[in-house]
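Here's the structure we're looking at; comments come further down.
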Amino acid sequence: MLFYLPIALTALATTLYHIAQKSIVPGVHPMVSLVITYATSLVACLVVVPFAPGGATFARSLKDLNWATYVVGLSIVGVELAILLAYRAGWKISLASVVANVATALLLVIIGVLGYREHLAARHVVGLLMCLGGLVLVARP
């Protein structure tokens, strides 16, 4: 059960995320929206830090951070801005996430195989080809 809990939380949080992103007032400057989004996230994280499991202290964790944490931060800004702009460009809430996530998954397969030497079984390749076919069908206007 604990194995599936993070995935269930991801699905629920991502669903709420897309509903909220689609509901942002169109006239609001996208970067102002992101500033308030991240201010809210900062407050939420600071409130949760003392209660979250993690082992190391806050100060120790700050000291141990590497480049990846900063790249994740920049990547998140890119994702947030891209989704907001996709909805403003007219993407449907039922399709934007599917297209973006399948495209991301396909890129990560290439990275996994080439960069991390992960192995794909024949059934994985068949599934990936089905995803690619679905992406072509879904992404066409």
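For region 92-141, a Kirkwood radius taken over Cα pairs fed into Stokes-Einstein (4 °C, viscosity 1.567 mPa s) yields D = 112 µm²/s. Within the shell defined by Cβ-Cβ distances under 14 Å, the residues around residue 80 carry a net charge of +2, with Lys and Arg each +1 and Asp and Glu each -1. Note on region 1-50: along the principal axes its Cα atoms extend 43, 27, 10 Å, ordered by decreasing extent. The spread of Cα positions in the chain, taken along each principal axis and listed from longest to shortest, comes to 47, 43, 32 Å.
Just so you know, all these numbers are worked out from the coordinates, no wet-lab data involved. Keep in mind the model is a prediction, meaning the values are calculated, not measured. Using ideal geometry, Cβ is built from the backbone for each residue, glycine included, and neighbour counts are taken over all protein chains shown.
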